[in-house]
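The values are calculated or read from the model by the stated rules, or taken from the named source; none is laboratory data. These numbers were taken from a predicted model, which means no experiment stands behind them. Note that each Cβ is placed from the backbone with ideal geometry, even for glycine, and that neighbours are counted across all protein chains shown. Heavy atoms of the whole protein, side chains included, go into the accessibility calculation; ligands, DNA and RNA do not. Shrake-Rupley method; radii C 1.70, N 1.55, O 1.52, S 1.80 Å.
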Amino acid sequence: GFVRLAGGDGPCLGRVEVLSGKDWVPLSGGNFTLLTAQVICAELGCGKAVSFLGDMSIRESDRVWPKEFQCKGHEPRLQFCHSESCPGDACHRGAVQVFCSVYAEVRLMKNGISQCEGQVEMYISGQWKTLCASHWNMANANVVCQQLGCGVAVSTPKGAYSVEGGDKIWEARFHCSGAESFLWNCPVTALGIPSCTRGNTASVICSGNQTQVLPHCNDSVSEPSGSAASQESAATCSDRRQLRLVDGGGPCAGRVEILHQGSWGTICDDSWDLSDAHVVCRQLGCGEALNATVSAHFGEGSDPIWLDDLECTGKESHIWKCPSRGWGQHDCRHKEDAGVICSDFLKLRMVSEDQECAGWLEVFYNGTWGSVCRSPMADITLSIICRHLGCGDSGTFNFSIVPREGSRLWWVDQIQCRKTDSSLWQCPSDPWRRNSCSSQEEAYISCEGVRPRSCPTAAPCTDKEKLRLRGGDTECSGRVEVWHEGSWGTVCDDSWSLAEAEVVCQQLGCGSALEALQKAAFGPGNGSIWLDEVKCRGREPSLWACAADPWGQNNCKHEEDAGVRCSGIRRSPNLVRGIFSLSEMLCFILGALLFLVLVILVIQMYRWRAKLRALPSFEDVPNEAVYEEIDYLVATKEDLLGSTGALSDDSVTKLPYYTGDGEDNSDFQPTPGSRGELPRLGIGGRGLPFIEKYKVSILTCFLTSPTGYSRP
């Protein structure tokens, strides 16, 4: 065609571009109106234009369409609209972005007249269809009333306005929080929705006053229990509040948040369990609760914490009707925010061992992964699937893949997407069933963004997950294989030694290397030989840190595949390194030594204090003189006799008896008849002769104190 919407989540949202020769160029946003947007959306089969955004930045090198369109809204195509050259041949440099929606037209029908109450109908695929009452709630009804300018929703009576044409029922489910201004802003789910029973149509009664707003809820003031005013106030306040799930990847999983008194707030996880989660899931039309998450599983909120210690029975219609501490009463922080995962939570993936954006298509529903059946899937369906997964704008079936073996679920079949659908969840299909098809009909899709898997698992991986041992007799022995460019390959044994084997064993958490085996000791591998001439020092954190030839370059055969045999059994990665690292071992040893030193010091201090306490017991003990005799031969008898000053008895110095009491001994007088002899002194009960003829006895006296010190 002549016009398209580019750069959005689908063909019905994006920047307006027109075909100029062979190139697509942006349309200028100057003088662009909603009527022009309506013509574009209608031409593309995308429903109604709901909004547009001008002055979108473009690159300086991009040229813009040199004309401006001035549509009136009824033209079948953009080319039929009146156009004029840009003023001064200088078009506005900003581009324009248009949003189309198939859910733009909604009405309430009563007795064939559109007004502010009645059966909810939407204009879809060229005809008006009623909405099913299943999972229709007050939040959805409030959005409809606001969109129609009918004030706020008063009630949602099911089937009260059912009319002929009940076979034209649109079975998609809206997941409005109530804060949206238009129904097209609400998440929509159509995949797997069961058929709606005849007459079970959604209805709404609006207040009818477009300026009316619900009164502010004052929880500090309450009417007497059971009074009409109390019941009316409770109903009004209940309708005023809104509920949503945030940061869970969809409308049926996430952190629980409540809109109360104009602010969104969280719920504390104290006493949070499945009974509480059941109320949330049912209130949001998301089935039953599969998991009641705690500890801010879906991240921490930043607004008030409204409720704590909820005690739901599981049968309440609204989460705020469960017993609790009261609004705003809690002892929590946002790290305790509660969350839920409901049975209607959906997730999509492709399963492949060696590729990304290609594989068996699987959907997560009711807490379990199951296959998607392939018939029939048009190109638009494949395109939406690939865009949903971030794998490009197109895809194809791969019929050459051998069907998978084993028993599993086949969740859904007959998926028929439309260009107005921005995700797979909006595509109509058959209802959920456990056996929607056979294993021969499973969908294996290759998107245009297919590429080798960077990890052998679907989750992000480390170097440890890219290394494995195969063919050994234990999990810590075998042929070395590495993951590269989406496939497993071997390592050539050129330059393979214990240093390389040590790195492999440590990386796998298998202890130390015992052997570095060569010549395909554990059997030859298959596929690529990814590494050759690997040279490690033995201390590298992974095999990838070692020097080697470029990936895939080698002169080897699989008969030269390298292997290892490690000392231990497989442990969690870096368990030993993490617990018994060198630095931590040194800290442990030093800490033990310091502890021993401290114990020794405490013992020594205890002994010293014990000695100090014992000192007073020695204060009254008299000092004792300790004598030591030193016999010193001054001269032989002959020398003495031959000396000019021969000794005589009178010449011998009289040595007084030293008592050791510190008193002067000058008054000492020898006893009669002693004639130069000292009395025999008794020390220790023994008699000691101190003076003999021609000898001098030199006495050394030591005074011993109780502290053990001696002085001469």
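Here are some notes:
- With 22 Å as the limit, the listed pairs Lys48/Lys72; Lys22/Lys72; Lys464/Lys535 have Lys22/Lys72 beyond it between alpha carbons.
- Too-long pairs where the Cα-Cα distance tops 27 Å, listed order kept, from Lys110/Lys168; Lys158/Lys347; Lys158/Lys321; Lys110/Lys315; Lys129/Lys419; Lys466/Lys557: Lys158/Lys347; Lys110/Lys315
- Computed with a 1.4 Å probe over protein heavy atoms only, the accessible area of Cys437 comes to about 20 Å².
- The range 372-454 shape via C-alpha gyration tensor axes, a/c threshold 1.5: oblate
- FRET E, pair Trp128, Glu465, Förster distance 51 Å, beta-carbon r, rounded to 0.05: 0.40
- Net lengthening on full extension, Ser439/Met56 (0.36 nm per residue, minus Cα-Cα): 133.1 nm
- Tail fraction, Cα-Cα pairs, the range 243-383, threshold 28 Å, whole percent: 28
- Stretchable slack from Ser83 to Tyr606, in nm (0.36 nm times residue separation minus alpha-carbon distance): 177.8 nm
- Pairwise label distance in nanometres, Ser114 with Lys22, each label 7 Å out on the Cα-Cβ vector: 4.7
- The range 56-159: GluC sites (Glu not before Pro) falling in loop per DSSP and having at most 12 other Cβ within 10 Å: Glu60
- Within the range 167-198, trypsin sites (Lys or Arg not before Pro) in DSSP loop having at most 12 other beta-carbon neighbours inside 10 Å: Lys168, Arg198
- Cubic angstrom per residue, convex hull over Cα atoms of the range 1-125: 123
- Spin-label model, Leu274 to Thr474: label points 7 Å out along the Cα-to-beta-carbon direction sit 4.2 nm apart.
- Computed over protein heavy atoms with a 1.4 Å probe, the accessible surface of the range 439-541 works out to 44 Å² per residue.
- Note on the range 473-527: percent of Cα-Cα distances in each 5 Å bin, starting at 0 and stopping at the bin with the largest distance, equals 4, 18, 30, 27, 17, 4, 0.
- Förster radius 60 Å - calculated FRET efficiency between Lys347 and Ile589, Cβ distance, rounded to 0.05: 0.75
- Take the Cβ atoms of Lys557 and Glu405, set R0 to 41 Å, and the FRET efficiency comes out at 0.80.
- The range 459-554: chymotrypsin sites (Phe, Trp or Tyr not before Pro) falling in loop per DSSP and having at most 16 other Cβ within 10 Å: Trp551
- Dmax and Rg, reported as Rg then Dmax, of the range 418-553 (C-alpha, Å): 20.8, 63
- Across the range 198-204, computed HN-Hα scalar couplings (Karplus, 6.51 cos²θ - 1.76 cosθ + 1.60, θ = phi - 60°) run 4, x, 8, 9, 7, 9, 9 Hz from first to last residue, x flagging Gly and Pro.
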